[in-house]
Amino acid sequence: MSEDNVHGVWNFFLNDKENNKTKCQLCPKEYNNSLNESTAKNHISQKHPQAWNT
C-alpha cells in the first residue's frame, strides 16, 4: 500500500511490534495488531471526537 492510501486515523496510533499491540496515543487503549481501519476510526470518533474533528 502506498503512502497516499494510508488513512489519517493511523496518526493517532502507535504500533508496538515487540508486544504485538497497537496503542492509541490519546488514551491507554490497546488493540491487538489486527486492528482494522474501521475499528480505529470508530475508536477515535467516539472516544476522542475533539481530535477527530480537527
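The values are calculated or read from the model by the stated rules, or taken from the named source; none is laboratory data. Note that the coordinates shown come from a computational prediction; the quantities given were computed from them, not determined experimentally. All Cβ positions, even for glycine, are placed from backbone atoms using ideal geometry, and neighbour counts span all protein chains on display.
The set of residues in the stretch 25-35 being under 14 Å from Gly8 (Cα atoms) and modelled with pLDDT under 95 is empty. Among the residues making up the stretch 16-54, those that are in contact (Cβ under 8 Å) with a residue 24 or more places away in the chain and of a type in the set (D, E, K, R) are Glu37, Lys41. If you filter the stretch 9-48 down to residues that are among the acidic types (Asp, Glu) and touching a strand residue (DSSP E or B) at 6+ places or on another chain (Cβ under 8 Å), you find that the one that is surrounded by the fewest Cβ atoms within 10 Å (Cβ to Cβ) is Asp16.
Mind counting the residues in the stretch 5-20 that are within 11 Å of the chain's Cα centre (by Cα) and not small (Gly, Ala, Ser)? Lay out the reasoning, then the answer.
So in the stretch 5-20, the residues within 11 Å of the chain's Cα centre (by Cα) come out as 7-15.
Then keep just the ones that are not small (Gly, Ala, Ser); that gives 7, 9-15.
Selection size over the stretch 5-20: 8.
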